[in-house]
Amino acid sequence: MDWHLFGKPDLTPQDVVNFRSRINLMDIGAACIAETPVYKVLLDEDLAFLNAFEGDLRQVEAIRNAYGESVRVFPQFLSDGTGKTLYVASESSGMTSLLKPDLRALKLFNGFEQFGLIEKEVAVQTARLDDVPDIGSIDFLKMDIQGAELDVLKHGTRTLEKCVAIQLETSFVCLYENQPTFGEVDVWMRSQGFTPHCYLDVKRWSIAPTIRDNNFRQPFNQLLEADMVYIKDPLKLELLDAEQLKKLALISHYCLASFDLAVHAIMELVSRGAVRKDAREKYLGCLAKHESGK
């Protein structure tokens, strides 16, 4: 539901939790190709600032045009800090990667041999997330870098220490050589105190050569990949400070429409005396006003 359709209510969720700072966003692989990221509403509400990493220089201008003064663009590749080979696919394919495409996997799916066609190979120097200066502690991370996500996470634990939500593209059938599977990523995320919260998108794809309704993009049942959101374990909110809880509530509300999670965080704030005792009721009142259009 687009809460902006109803106009600005008298009392906003940020008022309810007495939020007076900024949510520090990070998007790694921030190319603006075919989606509006869920965090954009936080920028529209002037609640956040975006740190965007995109090593593919063909994409940088579009990122700056999309977010203006609300973004700082880092035109570099994140990984483990070593030199790597960049496998460059077409600009519109979204398949440029630090991992080499697995030709056998590409052939399994209709159209992917063309999507994953490599135009050139380029030597690049990667950086570790924890070595990037002046970005501060990240609150919400979105990452879609074609299979290299786990490398970035493992070398960014300090920067992500206070992160309350992470959106990752995870793969069920790996399209790149040595790409971690969904299971491997999930085990690591749980080891860091994160719990799966929701799927934002689940992508299925048709297996070659069978095509459905004369459209190779129309899937049958084979899972390919999914955008998964992980949150700090909701059973262990005592490990989060008040600012983290406020940010979790606002991300849940504005980005995920997870209003139950927002209430869960607000109730923890109430129990600590960090917000007014009637904060839960005030928040539910915000939702009621939105739904009624008042």
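Please work out if residue 34 is modelled with pLDDT under 95, over 24 Å from residue 163 (Cα atoms), surrounded by fewer than 18 Cβ atoms within 10 Å (Cβ to Cβ) and in contact with a Gly (Cβ under 9 Å, 6 or more places away or on another chain). Taking the combined requirement at face value, the residue satisfies it. Annotation: of all residues in the range 167-191 being closer than 23 Å to residue 112 by Cβ and among the small types (Gly, Ala, Ser), the one that is farthest from the chain's Cα centre (by Cα) is 183.
Of all residues assigned to the range 191-205, none qualifies as being crowded, with 21+ Cβ neighbours inside 10 Å and touching an Asp or Glu at 6+ places or on another chain (Cβ under 6 Å). Counting only residues that are aromatic (Phe, Trp, Tyr), in contact with a Lys or Arg (Cβ under 8 Å, 6 or more places away or on another chain) and within 17 Å of residue 101 (Cβ to Cβ), the range 115-166 holds 0 of them. Of the helices (runs of 4 or more DSSP H) lying entirely inside the range 3-99, those carrying at least 3 residues that are within 25 Å of residue 280 (Cα to Cα) are 13-16, 40-44. Among residues of the range 42-64 that are under 20 Å from residue 132 (Cα atoms) and assigned by TED's automatic domain parsing to the domain that holds residue 96, those with a beta-carbon under 6 Å from a residue that is assigned to a loop (DSSP other than H, G, I, E, B) and at pLDDT 95 or above at least six positions away or on a different chain give the pairs 48/22; 49/22.
When the range 156-196 is examined, which residues are found to be without any contact (Cβ under 8 Å) to a residue 60 or more places away in the chain and assigned to a strand (DSSP E or B)? 169, 170, 171, 194, 195, 196 - these are the residues of the range 156-196 that are without any contact (Cβ under 8 Å) to a residue 60 or more places away in the chain and assigned to a strand (DSSP E or B).
The values are calculated or read from the model by the stated rules, or taken from the named source; none is laboratory data. All of these numbers come straight from a predicted model, not from anything done at the bench. Counting neighbours? That spans all protein chains shown, and the Cβs are built from the backbone with ideal geometry, glycine included.
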